[in-house]
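> So that we are looking at the same thing, I have put the structure below in structure tokens.
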Amino acid sequence: WSGLEGDFLSAGLFAGGIGESGPLVVDLTPLHISFNSLNPTYGCFLQGAVLIPQEYETALLQGGLYMSIASSKYPWGEIRGQLVIPEPASITLLGLGLGGLFFLRRARS
């Protein structure tokens, strides 16, 4: 992320649908890296995997989890985004479409 209006405070994954607030599921604050200690409004997260508790698996698959980044200006959340997992069928169709384009382009060459 970049350009927060306030200094970074915390980040996490929360349970809740669109427009709903919910409990913290995973605290992402320890994974935060600031690009420049003089400007805490920019940063990113360490690359890796995050384990979501099993009781939230269904919520994740149904779009019931969101990520929120809180700042000093907006301590309840400055950035929020719902987590969406594409259906396996959508991924398969995308792969088939891209494969078809590859072979079509190769045939024309």
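The values are calculated or read from the model by the stated rules, or taken from the named source; none is laboratory data. Owing to the predicted nature of the structure, the values given are computational and were not obtained by experimental measurement. Quick reminder, even Gly has a Cβ in these numbers, built from the backbone with ideal geometry, and neighbours come from all protein chains shown. Just the protein is used for accessible areas: all its heavy atoms, side chains included, with ligands, DNA and RNA removed. Shrake-Rupley method; radii C 1.70, N 1.55, O 1.52, S 1.80 Å.
> With the crude spin-label approximation of a point 7 Å out along Cα→Cβ, what separation in nm comes out for ILE52 versus THR92?
In this crude label model, ILE52 to THR92 measures out at 2.2 nm.
> Whenever you get a sec, compute what percent of the accessible area on the chain sits on carbon and sulfur atoms (1.4 Å probe).
Heavy-atom surface of the chain belonging to carbon and sulfur, 1.4 Å probe: 61 percent.
> Also, quick follow-up: Could you tell me the relative contact order of segment 1-89? Use alpha-carbon pairs under 8 Å, at least six residues apart, and round to a whole percent.
Answer for segment 1-89 is 34 percent.
> Divide by every residue of the chain the summed helix terms, -39500 (n - 2.57) for each DSSP H run of at least 4, and state the resulting mean residue ellipticity at 222 nm, rounded to the nearest 500 deg cm²/dmol.
After summing the helix terms and dividing by residue count, I get -7500 deg cm²/dmol.
> Now, a different point. Nearest 10 degrees, 0 to 90: what angle lies between the long axis of helix 88-108 and the longest principal axis of the chain (Cα atoms)?
50 degrees
> Cβ under 15 Å from TYR56's Cβ, TYR56 left aside: what net charge do those residues give with Lys, Arg +1 and Asp, Glu -1?
Counting the neighbours of TYR56, the net charge comes to -4.
> Could you state the accessible area per residue of the chain in Å², with a 1.4 Å probe and every protein chain left in place?
That works out to 72 Å² per residue.
> Here's another thing I want to ask about it. For the chain, what is the charge dipole size about the Cα centre, in debye to the nearest 20, if Lys and Arg each add +1 at the Cβ and Asp and Glu each add -1 at the Cβ?
It works out to roughly 700 debye.
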